[in-house]
Amino acid sequence: MTITKTREGGRLALALEGRLDTSTAPALDAELKNGLSGVTALELDFAGLDYLSSAGLRVLLSAQKTMNRQGSMKLTHVNDTIMEIFEVTGFADILTIE
Amino acid sequence: MDRNERNGKRQPIRRQVQRMVLLLCVAALVLTGVLWAGSLTALRDIVLRDSQDLGGAAASAGADALLDQMEQNLYKGAQSEAGVVDEKLERYAGHVRDFAYFAHRLYEEPEAYVPKEVLPPDAESQYTYTMQLVLRDGTVDREDVAGEMGLLANLVHMWEPVMTGDSGNIASIYLCTESGFMINYDERSDLTPDQFDYTGSSWYTAAREAGGAVFTVPYLDTFGRGLMLTCAAPIYDGADRFAGVVCIDVMVEDLCRSVLDIDFGAGSYAFLVDAGGDIIVSPQMEYTGDFENIRDPSCLAYEAADSIMSGQAGVAPTSGGLYYAYAPIDAASWILVVHVPETMVTAPAEAIREDITARTGATGAAMDRSILRAGLISLAVFAVVVGAVVALSGSFTKRLTGPLLELREDVERISTGDLLHQAQVRQNDEIGDLALSFNDMASSLDRYIHDLTAVTAEKERIGAELDIARNIQSSMLPCIFPAFPDRPEIDVYATMGPAKEVGGDFYDFFMVDETHLAVVVADVSGKGVPAALFMVIGKTLIKDHTTPGRDLGEVFMEVNRLLCEGNSEEMFITAFEGVLDMETGQFNFVNAGHEMPFILRAGGTYEPYKVRPGFVLAGMEGTRYRMGTLTMEPGDKLFQYTDGVTEVTNSQNELYGMERLTAVLNANAAATPEELLPAVKADIDAFVGGAPQFDDITMLCLEFRERMGAEGAGEITVDAELKSIPAVTDFVDGRLEALNCSAKAKAKIDVAIDEVLSNIAQYAYDSGKGTVTVRLESERRPPAVRITFIDHGKPYDPLTREDPDVALSAEERQAGGLGIFLVKKAMDDVRYEYRDGQNILTVRKLI
């Protein structure tokens, strides 16, 4: 998985490409843990993401909890497969998906 | 035999005996009757013939005498009749001769007589006898002849008494003179003419020429007074010169009648012939003035004419069977002839003859009547005898056949099933013997049927139970085809039959594990229930002991050991078992005394595969079996059977044999197992024809179609670490792409792999060291994949874990527990089992 990061003041945009699974989730987790300070608007672009597993979900849940405290977080360009996962796991209600 | 098949019309014995007796009796009677009738008839013929001869002779003699007598009678009769006529005629001739003589006297002495006046005819004086003067013609002067006339008129004194004395037959008396007058004396003055020239008359000339009395032939009177005859005599004057003629006209109707009435019998008549031969009076003639002459050859009397005209009396026969009796009449020179047919003359003789014949005939008839009467009496006796014979023979044969009929009714009753019925005929003869035999037979039949019924019922009961046993046995064999519809790698088909009775053949096939298919074909020695029971044991033991990975030699050794334990009947089983590894095509097999299988290599032909068989199962304790191995390639087929196939025989007692089997297998080399076995069966049936078949026919065919996982199938074993996940994902993804898996399904499968493997990597091995095997299998219909994860870690069933609450808020949610939940949601089927120290998790996903 590759992560393309764009920082503009309090706004952080991450474009994900590939798979977000057990082996790649720790990389995203590390990026978010280190880079969310001062961020008020987190934007995750899923256009290049094939799928994600429960490890990915765990990272997203953690990020959502952090952003609930300091700003907002939204996901864009979610494909059908991933949307289905969000729905069956209840994440569709937790996350802001555009 | 059916009643209708018997020959001819039904003929009861009674009728036949009666008919025979009757025939003999009638034949005897008829023969006697014929002989007797023949004798009687011959006797009758002799009597009649003699009688007829006698009568004939008598009649002939009598007839000759009679003929003579008759001729005499005729002769005399004719003379007598002629005499009568002669006498009558002679009287008239006498009268005219007297008149002529007196006239001559008048001429001689005229002065002695007073002249008498004669007046011309006067109509006033009719019906009074008067003299009338008739002149010859106008040349005669009355005055000139007055003297002569007055003189001759004195004749009236003679005429008057003659006229009145006669019985009215004289019509008129008259005289005619040469001098030219005529004095007519009669009572018909009205008919008398004044003048009449008599000189040319026949009687006038005849009398003048004869010089004596003459008779004319009878003629019809000119004045219609009937048949007339003139008797004339010449008058001579004093000088004896011819002076005239005196005549009497006699009506001869009576005279002729007296001649014509002469009757000498049937067919006879009389006639008068004059001196010239003319027939002047005859019953046949008509007075036309023409006469038939007897000298005319056409005359019947022609032959006798000379005799008749001889002037003698006599009798003359003719060749025409006629007799003529004749006698002269002197007064008139006539001849009286009597015509008599010979039959009349001979009639009395014939009458005698007929009389005798009649009497003979009467005798014959009397005899015939007697014969007839005797015949009728004989017939009556005959009828009585025949009737008696019929009645007697009837009653006799009835007495004879009555018991037979009674016996027949008894037998019919027995034949309808009433075997307890006993014939009641008690006669001490052959029929009685027959009745006793029938009674014995009925009793024997009854006993036999009772026994048979019991045996049959027992047999039926056993048969029904064997039917049930056979059905149970059949139902123990797998019989649903296709047997493994979700296994594209193999196709197996098997048949057993026709199971006529419970037998010991069986086949079996089953999955040993996911990748191994076992097939079994076996034959238990013997038949019936023991064989069937042994077969059940054998089948069960083989299936139970065929476990994954176990050496088939060991399996059979174990089965053999177990079978030998309880084999009190010393039965045995020939068996072939093979196990196919569907992934590799490796086919392990073991053979316990069974037939060699046929192997068809893809595109080739079926050939027996030489297998060294071990000893039969249950044959000997401790027998060792060695497993064989061959490799089947996709398209290869295996055909196995029992000896029932090769050992069927046809009606010529020929074995079906290996050659025929090989031929029919190869003729159907391209057929699927399900097509092949019926084809073989059809060939066997055609060979067998109608011959009964005793052994079971059991066949099994296995086709190896493709290796399991040949397209994207396979497995990978990696260390149970998180870093191994990409390798597994790559392995699976590569296979999925080959299977044209959709991207979405692939994503979900990848998620499942990630979740399951991360679980195993993190929790399975306490030591953190271990392996996990991931096996991927594909399915064709419907397209799906099956992925199995196998680890040897601690037993753990992830499916028992509770699903997370997906309705909580982000703050409330726990990060764990989502993995397996996701797997369950993303896959179509998830199963877990712990077996042989392995955690086996299998997921299935339609692609």
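Please treat every number below as a calculation from the coordinates, not as lab data. Bear in mind that the values here come from a model prediction, so they are computed numbers and not experimental data. Cβ sites come from the backbone with ideal geometry, for glycine too, and all protein chains shown count toward neighbours.
Using just the C-alpha positions of segment B:232-295 as equal point scatterers, what log10 of I(q)/I(0) does the Debye formula give at each q in 0.28 1/Å?
Values returned for q = 0.28 Å⁻¹ are -1.19.
Enumerate the whole-percent occupancy of each 20 Å bin, from 0 to the last occupied one, for all C-alpha pair distances of chain B.
Using 20 Å bins, I get a P(r) of 10, 17, 12, 8, 7, 7, 7, 9, 10, 9, 4, 1, 0 for chain B.
First measure r as the distance between the Cβ atoms of B:Trp36 and B:Leu420, then evaluate 1/(1 + (r/R0)^6) with R0 = 56 Å and state the FRET efficiency to the nearest 0.05.
Approximately 0.35, to the nearest 0.05.
Determine the shape class of segment B:589-703: with a ≥ b ≥ c the square roots of the Cα gyration tensor eigenvalues, call it rounded for a/c under 1.5, and otherwise prolate if a/b is greater than b/c, oblate otherwise.
oblate
Summarise the partner chain shielding of B:744-757 as one whole number: the mean count of Cβ atoms from other chains within 10 Å of each residue's Cβ.
Shielding by partners across B:744-757 averages 5.
Could you state, as a whole-number percent, how many of the C-alpha pairs of chain A are farther apart than 24 Å?
So the pairs more than 24 Å apart make up 11 percent of the total in chain A.
Work out, step by step, the length gained on full extension between B:Ala206 and B:Glu187: first 0.36 nm times the residue separation, then minus their alpha carbon distance; give nm to one decimal.
So the chain would gain 4.2 nm between B:Ala206 and B:Glu187.
At q = 0.04, 0.11 Å⁻¹, what log₁₀ I(q)/I(0) does a Debye calculation on the Cα points of the protein assembly as shown give, no solvent, two decimals?
-0.56, -1.24
Might you report the magnitude of the Cβ-based charge dipole of the protein assembly as shown about its Cα centre, with Lys and Arg at +1 and Asp and Glu at -1, to the nearest 20 debye?
Around 7580 debye, computed over the protein assembly as shown.
Estimate the FRET efficiency between B:Phe615 and B:Ile840 by the formula 1/(1 + (r/R0)^6), using the beta-carbon distance for r and 30 Å for R0, to the nearest 0.05.
0.15
Given the C-alpha atoms of segment B:472-595, compute the convex hull and give its volume per residue in Å³.
Hull volume normalised by residue count: 104 Å³.
Stretched out fully, how many nm does the piece from B:Ser80 to B:Val385 gain, at 0.36 nm a residue minus the Cα gap?
Result: 102.3 nm gained on full extension.
Given a cut-off of 33 Å, what percent of all Cα-Cα pairs of segment B:88-340 lie beyond it?
Percent of Cα pairs beyond 33 Å in segment B:88-340: 27.
By per-residue mean of other Cβ atoms within 10 Å, what is the highest-first order of B:544-551, B:300-307?
So the order, starting with the most tightly packed, is B:300-307, B:544-551.
For a paramagnetic label modelled at 7 Å from the Cα of A:His77 toward its Cβ, which residues of segment A:28-46 fall within the zone defined by backbone nitrogen distances under 14 Å?
Only A:43-46 pass the distance filter.
Assign one of three labels to segment B:148-222, namely rounded, prolate or oblate, based on the Cα gyration tensor with a ≥ b ≥ c the square roots of its eigenvalues; rounded applies when a/c is under 1.5, prolate when it is not and a/b is larger than b/c, and oblate otherwise.
Rounded, since a/c falls under 1.5.
In nanometres, what is the gap between the two model label sites at B:Tyr448 and B:Glu554, each 7 Å from Cα along Cα-to-Cβ?
6.6
Would you mind giving the average projected area, over all directions, of the Cα convex hull of segment B:714-846 in nm² with one decimal?
About 8.7 nm², averaged over all directions.
Mind giving me the nanometre distance, one decimal, between the label points for A:Thr4 and A:Asp93, set 7 Å out from Cα along Cα→Cβ?
In this crude spin-label approximation the distance works out to 3.5 nm.
Could you give the semi-axes, largest first, of the ellipsoid that matches segment B:423-473, computed as the square roots of 5 times the alpha carbon gyration tensor eigenvalues and rounded to whole Å?
Result for segment B:423-473: semi-axes of 45, 6, 5 Å.
Report the residues of segment B:408-428 in range of a label on B:Ala457: point 7 Å along Cα→C-beta, backbone N strictly under 20 Å from it.
B:417-420
If you take each beta carbon of peptide A:22-33 and count the beta carbons of other chains within 10 angstrom, what is the mean? Let's see the in-between values first.
Working: counts 13, 9, 2, 2, 1, 0, 0, 0, 0, 0, 0, 0.
Across A:22-33, the average partner-chain Cβ count within 10 Å equals 2.
Can you tell me how segment B:477-704 classifies by the Cα gyration tensor, rounded, prolate or oblate, using a/c under 1.5 as the rounded cut?
The shape class here is oblate.
Using a simple spin-label model with points 7 Å from Cα along the Cα→Cβ vector, what separation in nm is obtained for A:Asn68 and B:Thr662?
8.3
Once fully extended, how much extra length lies between B:Asp50 and B:Val114, figured as 0.36 nm per residue of separation less the alpha-carbon to alpha-carbon distance?
Difference between extended and current length: 14.1 nm.
Sorted by average packing, counted as other Cβ atoms within 10 angstrom per residue and highest first, what order do B:824-834, B:509-519 take?
In descending order of packing, they fall as B:509-519, B:824-834.
Give me B:Lys527, B:Lys610 sorted ascending by neighbouring Cβ count inside 10 Å, so fewest comes first.
Sorted ascending by nearby Cβ count, the order is B:Lys610, B:Lys527.
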